[in-house]
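Here is the structure we will look at, set down as structure tokens.
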Amino acid sequence: MKTVYQTRVNATGGRDGQVASDDGVLTLDVRVPQTMGGPAGAFTNPEQLFAAGYAACFDSALNLVARQQKLKINSTVSATVSLQMTDPTNYNLAVSLAVRIEGIDQITAQALLDKAHATCPYSKAIRNNVEVNLTLIDELLDHAHNQ
């Protein structure tokens, strides 16, 4: 196996700390989300970081499989990552990917969606361990874009 890219991010302080990449491109303060008792403010958390990475990776996989089939698409992937408590000391993640694909019919779009899920490194990494729900949608319900 050939490594084509690797990166390193260091975390200090866990959910009340900071993450920083070795190259200095990424430096973020991490806090417990306000809904879990954390402070208000412009902080990120591990779930947001995972959602961002998964959405970007999945969209890349989707566009790769479209190019392989010589299809021209425009796509947007919205990843929702949920932290679930199964008991007071046990947590799991669940992911919902809402995917909008323009430029092709719905049957072809669904086939691309399924192929992308089989191709995406994030999907492969969490397969059979994290619940992932895929939804092909006409419109993204995106809170950030509605503000």
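The table for this structure:
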item	result
Only listed residue being in the same structural domain as LEU97 (by TED's automatic domain parsing), surrounded by 16 or more Cβ atoms within 10 Å (Cβ to Cβ) and at negative phi, chosen from VAL30, VAL65	VAL65
Any pair with Cβ under 9 angstrom, 6 or more apart, that starts in segment 98-116 at a residue that is not assigned by TED's automatic domain parsing to the domain that holds VAL77 and ends at one that is surrounded by 14 or more Cβ atoms within 10 Å (Cβ to Cβ)	none
Cβ pairs under 7 Å, 6+ apart, first in segment 119-142 and farther than 18 Å from ALA56 by Cβ, second in a helix (DSSP H, G or I) and at pLDDT 95 or above	LEU136/ALA109; LEU136/GLN110; LEU136/LEU113
Any hit, segment 7-23, residues being within 20 Å of the chain's Cα centre (by Cα), assigned to a loop (DSSP other than H, G, I, E, B) and closer than 24 Å to HIS117 by Cβ	yes
Cross-chain or 6+ apart pairs with Cβ under 6 Å, segment 19-46 first and of a type in the set (S, T, N, Q), then assigned to a loop (DSSP other than H, G, I, E, B)	GLN34/ALA40; ASN45/PRO33
Residue count, segment 80-138 (criterion: touching a helix residue (DSSP H, G or I) at 6+ places or on another chain (Cβ under 7 Å) and either in a loop (DSSP other than H, G, I, E, B) or loosely packed, with under 11 Cβ neighbours inside 10 Å (or both))	1
Set LYS115, LYS2: member being at pLDDT 95 or above and either more than 21 Å from ASN133 (Cβ to Cβ) or touching a Pro at 6+ places or on another chain (Cβ under 9 Å) (or both)	LYS2
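The values are calculated or read from the model by the stated rules, or taken from the named source; none is laboratory data. Keep in mind the model is a prediction, meaning the values are calculated, not measured. Using ideal geometry, Cβ is built from the backbone for each residue, glycine included, and neighbour counts are taken over all protein chains shown.
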